[in-house]
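One structure below.
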Amino acid sequence: MAADTDALDASSEALALLDEVACGLARTSENGTFLRVNKLFCTWVGHPAEALVGRRRFTDLLTVGGRIFHQTHWTPLLATQGSISEVKLDIVRADGSTVPMIINALRSEKGGAIVHEIAAYVARDRDAYERELIKSGKRLEELANEATRLHADAKDRALFAEQMIGMVSHDLRNPLSSILLSAQQLARGEVSASRQRALLRIARSSKRATHLVADLLDFTQVRLGHGLSVAREPIDLHEVIALAIDELTAVYPSRTITHVRVGDGACVADGMRLVQLVGNLVANAVTYGEQGSPVTVTSSVEGDSFALAVHNKGTPLPAELQATLFHPMTRGPQAANVTRSVGLGLFIVREIARAHGGNADVVSTAQDGTTFRAVFPLAPPG
């Protein structure tokens, strides 16, 4: 009799301990009928124990979606693997409200019958976090889509602008050529000195405008992904550059332009593009170099490469500027004090070098001055 009393006391003590744990506990039969619930579980679901034990099933506390999950996943998983871990379900309380719970379940045998041991805890904070995470994810996706749309719009506008520049520049070439030709023809006749000077100004301005149009067309071609076109053929580098310097001397009569030749001059290249390259570099040297100082152009053919270099004296270029000089729309530090340009000259120089398989760089120091150099492979790239 005493043994039975001790066993009863131990059982009562165990049940009391179940009411003190920090999670909801329940035992159900295999069909889900509640066999035992602790106090916290009853508090969370809003039903007293006597309204659950022997009267209701676990599925009675689930939403419609929860019942479908119970039938399609819960029951088969418990039958096959004997346990379920951290399943989140919305539990319907007695007042009709729902509370999110994380459920763990274990299938076992008690007294010859299959039972399910259930442990649950409320997951309001976790549920709120997950909902916020989903909301943030959707917002991030919306922002990403908007950024993609804006990028596409900007790309379309940039493409349109570049195409427009190309078309306008192309259409300007003919009238500019006509103005230049007319000025040259008028200058050949007998005109007064003042008209002669006016015609020369027209010719110089037309040449500058034509040069700008050519740079804009080349810039547009590069930006549209086509790259600069080059027509390579065997040339004498020194002779091509000598002719270019003769023309540049007429354009810049106040500056001495010296030509230094190294090697025999034979190479394969686009002569017109090289003339354009030297013209841009000399214009840059005249604009930003020390006023009155000579400009030296060196054409060289040595080993397996040929090169063009333009040197001038003057204030050295800042190191931070040297890193971006060959980018489009970049001007030297004294641009405000001289004739302004759109800043495409050095960009075109680099692209001409690249179109030949070479590259361009600059070295600038207070002692030695500034030298822009373009190096090309002697044989065309395969």
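In this label model, Y252 and K88 are separated by 7.1 nm, measuring between points 7 Å along each Cα→Cβ vector.
Residue order for T296, T249, fewest other beta carbons within 10 angstrom first, comes to T249, T296. Dividing the Cα radius of gyration of the range 233-377 by its Kirkwood radius returns 0.94 for Rg/Rh.
Every read-out reported here was derived from the displayed coordinates using simple, explicitly stated rules and does not represent laboratory data. Note that the coordinates shown come from a computational prediction; the quantities given were computed from them, not determined experimentally. When we count neighbours, we look across all protein chains shown, and the Cβ atoms used for this are built from the backbone with ideal geometry, even at glycine.
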